[in-house]
Every structure is written in structure tokens, then in C-alpha cells.
4 protein chains.
Amino acid sequence: MLTTVAPQVSVIGSGAEWEDAAEEVGRLLAERGCTVVTGGLGEVMAAAHRGAKAAGGTTIAILPGEDRNAANAWADHVVVTGIGHARNLAVAASGNAVIAVGGSYGTIAEMALALRLGRTVIALAGAPEVAGAVPAASPAEAVELALRDLR
Amino acid sequence: MLTTVAPQVSVIGSGAEWEDAAEEVGRLLAERGCTVVTGGLGEVMAAAHRGAKAAGGTTIAILPGEDRNAANAWADHVVVTGIGHARNLAVAASGNAVIAVGGSYGTIAEMALALRLGRTVIALAGAPEVAGAVPAASPAEAVELALRDLR
Amino acid sequence: MLTTVAPQVSVIGSGAEWEDAAEEVGRLLAERGCTVVTGGLGEVMAAAHRGAKAAGGTTIAILPGEDRNAANAWADHVVVTGIGHARNLAVAASGNAVIAVGGSYGTIAEMALALRLGRTVIALAGAPEVAGAVPAASPAEAVELALRDLR
Amino acid sequence: MLTTVAPQVSVIGSGAEWEDAAEEVGRLLAERGCTVVTGGLGEVMAAAHRGAKAAGGTTIAILPGEDRNAANAWADHVVVTGIGHARNLAVAASGNAVIAVGGSYGTIAEMALALRLGRTVIALAGAPEVAGAVPAASPAEAVELALRDLR
């Protein structure tokens, strides 16, 4: 009856133009048996969840506010933190690896916090540049790099 | 492909003498289709997860530290918050209802925060007394009261 | 040039009917050389700061939101946490001792968190009852009890 | 008796090689009437506080842990957050402006969070590069740029 926690990969970022890439990342992660963790809101976060669900995967939303109804429609489990932008730390820390897809200041903070905690951070083309993050040219490469470090 | 988030009920508390009650609460919640959320560590938290898994349920651990390996062995999903006792807010907020089983100061804080956020809080016999919490005499009554308010 | 940090006492609570008591607590703390820490908003928090300033003391506001302008008009220093109710932990932890004046759920959470961290907690008449808090019948007694444990 | 909160400037960063620059930044800020906010620990944080105290200024330490004694020896006021790396948000948010001196991942996170909240962020030579931060070639220029935006 003991559980085996599936590998968790956090997908972070923002920007409607990156939704296709995020959806592909989510789909590929689910196909590889990973749970997809995000900040639970829209755009890249929703797209990553949508892709994971399309492939039969599991999704976790870690919300900044106090209302669970803020989660996107593809979240299986909803963690309501109530701590605002500080939830970025929880998103970064909850992934065995982190994949950034697009994004701005919040994404930079998550990437830096993840690196600070020793997590592998993959920066898909279009993500902010943060020294220490591993660049990836495609969703497939991003997922491959993220999972390589989990073994 | 849209998800339907299962009702989430947080089980909080501490004290080895309350593990049997917590396990029963976890089992009953899982039988009713609820995901069991806890602070992810030992004693009451582990027992609630153990009971849920015995009934085929799903469990979420919301940890205070930065290391996912601190989660008990019955956690399906592990949220690593890194925010210490402030993660009590996330545990309280992530339940549609909260059931306290035993416990001390940390539990009081979680009960009060849950009440502050408008969550239903059930205090199983042995839990700290906090005005506004609904007392329950047994695990079955606690689960019944928690779920009654979810409808 | 090394500093000597003045004793810091956190004053917590809510309720307009407790403002007079809170103002007296703030005044007495300042007269005893203590810095008065609060959650930085209105009612009890503002009154404690007002009392401290009337006696020439120093005040620190620890705000839940992201906007420093939410601080009451008697705050000397403003800490903007952005973490919502989780800032209650910072308020509780930043006092060498904590005095509760009136209050509701948020106050209970702060009292419990302070006790969890080993801080002395004084409950002035009207404050919520939390086991482990030391009752005081008057502002003068509350301040006396808070400072006694600092020596 | 109403207070006028002095401008608060957060000085962030790490690295023993940047202590001289941080001390100069702290001194200049204090000379301009600013309160110096830091994360409260060593190296750059301690140096900024030391410089401010040498000029008769006021300093605030916002600590990650639960123990006030972790604060450096030049802190006038100590905020004990207990939320680990999430306290970076409070450090970033508590400055009207933020000056980065040296630093690594934690500093990047603070810079990004500060930018996310609309704070002016100055990157003194040696600080991590984050788009949106304003570069400064010297402590004097950094302070000038930080204060220019406060007017």
C-alpha cells in the first residue's frame, strides 16, 4: 500500500504565444509518466495541464490566492497557498525538474529559486535567460533533458 | 478532457495516540471519493494518508521544508513549499473542509486559518478547542459533517 | 557601531472596542523601551502603534499585501511581505513576546504560531482563549508579564 | 504624532568580494536619509547594514529563519519571517527601490520579484544581469539612480 510518487516536473512561464509549446511539453511529460505541476492559472500553465490531460496524465495546480476556483480547467489537484508570489517557491521546489516556457519576471524568479534549491532547470527557446538553466530547442528536447537528470 | 477536481479534505493534527482515529478518517474520506490533504509528515498526517491509500484513495502532502523526501510513505503527490510553518496556511486553505484529529499549537493555527478563510472545520474528540469548529464524536461523524457542508 | 536591538513585542488582535486597551499597551511598551511590532493595519494594530508613538517609541508594520501604503499612519518602518495571512507567522515570530488584545481567528493563529515557536504569549482580557497563553487583567499587567519573560 | 516613513531601500546580493561596494551603498543611503533593508544575514547584507550604521542610519533585517539571533550585528530591527527563501519576496517588496550588489540565484529571484512588483531595481556592476534592472557603475551612481525614481 506504500505509494510510489511519480516524478513531478514543474512547467512555468507565461505568454499566450507559448501555449502550443507548453501543451506539447505537458503531453510529452504525461506520456513519460510524469505529473505536471504548475502555478495553476492560465496561458502556459493551463496549456501544460491541457497537454498532460490529453495524454492521460495527472496535474497539480499550486495557486497564489485563497480561492480554489481560480485553478484552470485541467487541474486534477488544487493546492491553495494564499501566499501570493511566494507560491513561486513552492512551484519551483515541487518539481524534480523545472521546464520554463516563455515567461517574464515571475518565471525568472521561479527559475532562480529552483536553481537555488538544486533543481534542474530547462529553458525552452523563448524562456528568459538565467545562467545555470539548460537551454532546449524543442519541447521534446526539453522533456528529454529534464528526465535525463531524474535518473 | 476537462477535469473534475475531487473534493479535497485536509486532515490535520498530531500525536501518536490519534493515529487510529486519523487512519479511520482517511479511509472514510477515500471511500467517499475525497482526496486527503495533509502536512505530509508523520503521526496523524501519515495515518490519514495510510487510511486513504488502504481504501484506494488519493493523497497530497504539503511539506514545510525544501526536501520532497520528507514526505510520508503514503503520499501520492508531494508539494514542497519551503515556507516552514507558513505551509499550515496552504494545508488549511487546500481543503474544502478540514478535520482536526488530536494536535497542538500547529493544529490550532491551521484550524484558525481555515476558519478565517471560511472553510468548515471539524474537531474530532481530542482536537484542540477552537470556537467555530464543529465537534464530532467519531471519525464517521467527522467525515459526515465535513462532507455535509460540501454539498 | 554595533547595534543593540531593542526588545520587540508584537501586539496582535482586532476589534474597534479594544483600541483603547491596545493604545495603552503600545504606550507602556514604548515607555519600557520596546519596539512595537504589529500586522500594520487598522483597529488594534493602529492603536498599538499610536500609543507607542505618543510615548516616543518605535513601530514596525508587517503587512500582508504588496502595497506599503496600506500601513497605518503610525508605522515607522513598513515590511511588505506579499504573503497574505502567512504574514501572521512573521508577526508572531518577530516579537520576543506577543500580547493579544481582542481578536478573532487571525489572532488565534498568531497566538498558536507564537506558542509553537516558544514565544511568550500574553492574552489580555478579551483576547481569544488559547491554552498556553498567559492571561492578563490589564494593559499594565500584560506588559509586565511580557517583559518579565524577556529578562 | 503621525509618522513619516523614511524611504526604504533594499540592498540585496552575496559574495564577500562585494562587501566594500555594499558598505559604500549602505553609507550613501543612510546619508540620504534612507532606511536600509536587507535579508539580515552576512556578507553583502551585513556590509550594507554596517555602512548605514557608520553614517548614523537605520537598518532592518528580514530573516528567513525562526531565530532572531541569526541577524547580523548591525541590524536595528529584526523581522523574523520563518518562511525560508520566500522571505526574498518580503525583502524585494519592502524597498521603494532595490539595489543589487553581487549575488547569485537568490539575488536573481529578488530582482525578478521586485521588478514584478514594479519596484525600481538597480544592478551595481557585478550583480546578475536581469532584463529590466538599471545598471550602475558605482555605489554613488546606484544610490543616485535608486533615489531618482523615488521622487
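The values are calculated or read from the model by the stated rules, or taken from the named source; none is laboratory data. Owing to the predicted nature of the structure, the values given are computational and were not obtained by experimental measurement. Here Cβ is always computed from backbone atoms with ideal geometry, including for glycine, and neighbour counts include all displayed protein chains. The accessibility values were calculated without ligands, DNA or RNA, using every heavy atom of the protein model including side chains. Shrake-Rupley method; radii C 1.70, N 1.55, O 1.52, S 1.80 Å.
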Counted residues, region A:27-44 - those being within 14 Å of chain B (Cβ to nearest Cβ), under 14 Å from the mean Cα position of the chain (by Cα) and at positive phi: 1
I'd like to know if region C:112-127 contains one or more residues that are touching a helix residue (DSSP H, G or I) at 6+ places or on another chain (Cβ under 8 Å), buried (at least 24 other Cβ atoms within 10 Å of the Cβ), at the interface with another protein chain (Cβ under 7 Å from one of its Cβ atoms) and within 16 Å of C:G13 (Cα to Cα). yes
Enumeration of residues in region B:89-105 that are at the interface with another protein chain (Cβ under 8 Å from one of its Cβ atoms) and touching a strand residue (DSSP E or B) at 6+ places or on another chain (Cβ under 8 Å): B:A90, B:A93, B:S94, B:N96
If we scan region C:110-127, do we find a residue that is part of a helix (DSSP H, G or I) and free of Cβ contacts under 8 Å to residues at least 12 places away in the same chain? yes
Counting only residues in region A:51-63 that are part of a helix (DSSP H, G or I) and within 7 Å of chain B (Cβ to nearest Cβ), the one surrounded by the most Cβ atoms within 10 Å (Cβ to Cβ) is identified as A:K53
Could you tell me how many of the residues in region C:27-45 are open to solvent by less than 10 Å² (accessible area, probe 1.4 Å), free of Cβ contacts under 8 Å to residues at least 40 places away in the same chain and not in a strand (DSSP E or B)? 1
For region B:81-96, which positions are in a loop (DSSP other than H, G, I, E, B), within 11 Å of the chain's Cα centre (by Cα) and either among the hydrophobic types (A, V, I, L, M, F, W, C) or buried (at least 24 other Cβ atoms within 10 Å of the Cβ) (or both)? B:S94, B:G95
Failed condition for D:A73, given (1) over 24 Å from D:R27 (Cβ atoms); (2) open to solvent by 10 Å² or more (accessible area, probe 1.4 Å): (1)
Exactly one of C:E24, C:E66, C:E17 is within 15 Å of C:A140 (Cα to Cα) and either away from chain D (no Cβ under 14 Å) or open to solvent by 10 Å² or more (accessible area, probe 1.4 Å) (or both), and that one is C:E24
